[in-house]
Amino acid sequence: LLYPDGTLNTENLRSARATDTYILKGEDEEIYEPRFTYHGFRYVEVTGLPGPPRPGDLVGVVVHTDVAHTGAFAASNPLLNQIQRLVHWGIRTNLHSVPTDCNQRDERMGWLADAHLAAESAIYNFDMAAFYTNFLRNIRDVQASDGSITDTVPYRGGRRPADPAWGAAYPLLVWYMYLYYGDRQILEQHYEGIKAWTEFLRSRARDGLIPYYYYADWVATTRTPGDLVSTFYYCYSVDIVMRAAMVLGRTEDAVTYQKLGASIREAFHRSYFNPYSGNYGTGSQTSILLPLFLDMTPENFRAAAFADLVSDIVYTNNVHLTTGIIGTKYLFPLLTRMGRSDLAYDLATQTSYPSWGYMIANGATTLWELWQLRTGP
């Protein structure tokens, strides 16, 4: 952002060094690129020129891993096209050997939740096959003998063991590679690794639930129990190992993990379902939609639970979501699957807080980490 006087507001960069000093040689065209860093920026402040620059005097170089642009999206609603540009630009400029969480401040790490939650969007827009093949090797490299992995890969921040919602990137990325690219070899190479991760979660489970978490539904506007989110991803990890086992012909493993998944679903419903309210956890949108998405809600409760979710979106929150990075990922596919693509469209085209339209109305050119506008560190 800029301050009112037109100078750079770099507060949100925290300790990132964002100043380059270059002495002109006096040639007609001069090229300078830093060798050991890159800068994520929206505005550039140039000082020391003899006069005001003309448009085109300063040209920025876009730097990212060389992934081919393979997908496109266009709609009759200009707002959706603007959102697509934000998504496309945000993904592209965060591909720097690993999928980073941000390209501007002093973080730039491979946070695993960011990686798997954006993976399908990345695959629809770019050729990510080689990129994710390499990143999965990075994940395998940080895996410990007990099957645990870390919140970030390479391990530069966060914790070990990873929050289950973050560590689930390992099985999810493996499965996306098979689902979208038909890459059976990836399943074979990482089967034992994703199985070890799932067995690690199993070793931490108590009565079918995962009690530990760090981040829960990150930056949601309403609270969802963190252990509910962790247990959802425990079940999801088990499901993926089961599916991989079926593809690879490991029948005994497939049966084992199918039974384990069923027991987790039973424990989830028994522990988190509130018979008085008729929904899960705190009754937040994420609390309700996660079990619906993964078919963890028993058949005879699904219609009522989905009705509660729709009511919360439409009436309680006036057609707004309250989800964070976890819930938002699965909300739109669930609404579409349940025959409410109209409501998904209404949410996607909102322009008041919280929404992507609100970001655009406030000048966003990439997706923010938070729903709200923050101009400080």
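Taking segment 273-296 as the range and being more than 14 Å from Ala307 (Cβ to Cβ), out of contact with any His (no Cβ under 8 Å at 6 or more places or on another chain) and open to solvent by less than 40 Å² (accessible area, probe 1.4 Å) as the test, the residues that pass are Phe273, Gly281, Ser284, Thr286, Ser287, Leu290, Phe293, Leu294. Answer yes if at least one residue in segment 56-66 is surrounded by 10 or more Cβ atoms within 10 Å (Cβ to Cβ), under 30 Å from Met128 (Cβ atoms) and touching a strand residue (DSSP E or B) at 6+ places or on another chain (Cβ under 6 Å), and no otherwise. For segment 56-66, residues surrounded by 10 or more Cβ atoms within 10 Å (Cβ to Cβ), under 30 Å from Met128 (Cβ atoms) and touching a strand residue (DSSP E or B) at 6+ places or on another chain (Cβ under 6 Å): present. Pairs linking a residue in segment 332-358 that is under 19 Å from Phe293 (Cβ atoms) and open to solvent by less than 60 Å² (accessible area, probe 1.4 Å) to a residue that is part of a loop (DSSP other than H, G, I, E, B) and not basic (Lys, Arg), with Cβ atoms under 7 Å and 6 or more positions apart or on different chains, are Leu347/Val319; Leu347/Leu321. Residues that are surrounded by fewer than 20 Cβ atoms within 10 Å (Cβ to Cβ) and of a type in the set (Asp, Glu) do occur in segment 127-140, at least one of them.
Residue by residue, here is whether (1) in a loop (DSSP other than H, G, I, E, B); (2) in contact with a Phe, Trp or Tyr (Cβ under 6 Å, 6 or more places away or on another chain); (3) not hydroxyl-bearing (Ser, Thr, Tyr) holds:
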site: Ser287; (1), (2), (3): no, yes, no
site: Met296; (1), (2), (3): yes, yes, yes
site: Arg302; (1), (2), (3): no, no, yes
site: Ala307; (1), (2), (3): no, no, yes
site: Val310; (1), (2), (3): no, no, yes
site: Ile313; (1), (2), (3): no, no, yes
site: Tyr330; (1), (2), (3): no, yes, no
site: Ala344; (1), (2), (3): no, yes, yes
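Pairs linking a residue in segment 236-265 that is closer than 17 Å to Ile186 by Cβ to a residue that is loosely packed, with under 15 Cβ neighbours inside 10 Å and among the small types (Gly, Ala, Ser), with Cβ atoms under 8 Å and 6 or more positions apart or on different chains, do not occur. None of Asp66, Asp20 is closer than 28 Å to Glu120 by Cβ, of a type in the set (D, E, K, R) and without any contact (Cβ under 8 Å) to a residue 40 or more places away in the chain except Asp66. Entry remark, segment 21-37: residues being open to solvent by less than 80 Å² (accessible area, probe 1.4 Å), over 15 Å from Val59 (Cα atoms) and not polar (S, T, N, Q) number 1 in total. Entry remark, segment 38-55: residues being open to solvent by 70 Å² or more (accessible area, probe 1.4 Å) and free of Cβ contacts under 8 Å to residues at least 12 places away in the same chain number 8 in total. Give me a count of the residues in segment 151-172 that are assigned to a loop (DSSP other than H, G, I, E, B), in contact (Cβ under 8 Å) with a residue 24 or more places away in the chain and in contact with a helix residue (DSSP H, G or I) (Cβ under 8 Å, 6 or more places away or on another chain). Summing the residues that are assigned to a loop (DSSP other than H, G, I, E, B), in contact (Cβ under 8 Å) with a residue 24 or more places away in the chain and in contact with a helix residue (DSSP H, G or I) (Cβ under 8 Å, 6 or more places away or on another chain) in segment 151-172 gives 8. Scanning segment 219-257 for residues that are touching a Gly at 6+ places or on another chain (Cβ under 7 Å) and assigned to a helix (DSSP H, G or I) yields Leu228, Cys235, Val238, Asp239, Met242. Hey, does segment 115-126 have a residue that's within 30 Å of Glu266 (Cβ to Cβ), aromatic (Phe, Trp, Tyr), in contact (Cβ under 8 Å) with a residue 40 or more places away in the chain and open to solvent by less than 10 Å² (accessible area, probe 1.4 Å)? No - not one qualifying residue is present in segment 115-126.
The values are calculated or read from the model by the stated rules, or taken from the named source; none is laboratory data. In this text, all values refer to a predicted model and were calculated from it rather than measured experimentally. Using ideal geometry, Cβ is built from the backbone for each residue, glycine included, and neighbour counts are taken over all protein chains shown. The protein model used for the area step is the full one, side chains on, heavy atoms only, and it has no ligands, DNA or RNA in it. Shrake-Rupley method; radii C 1.70, N 1.55, O 1.52, S 1.80 Å.
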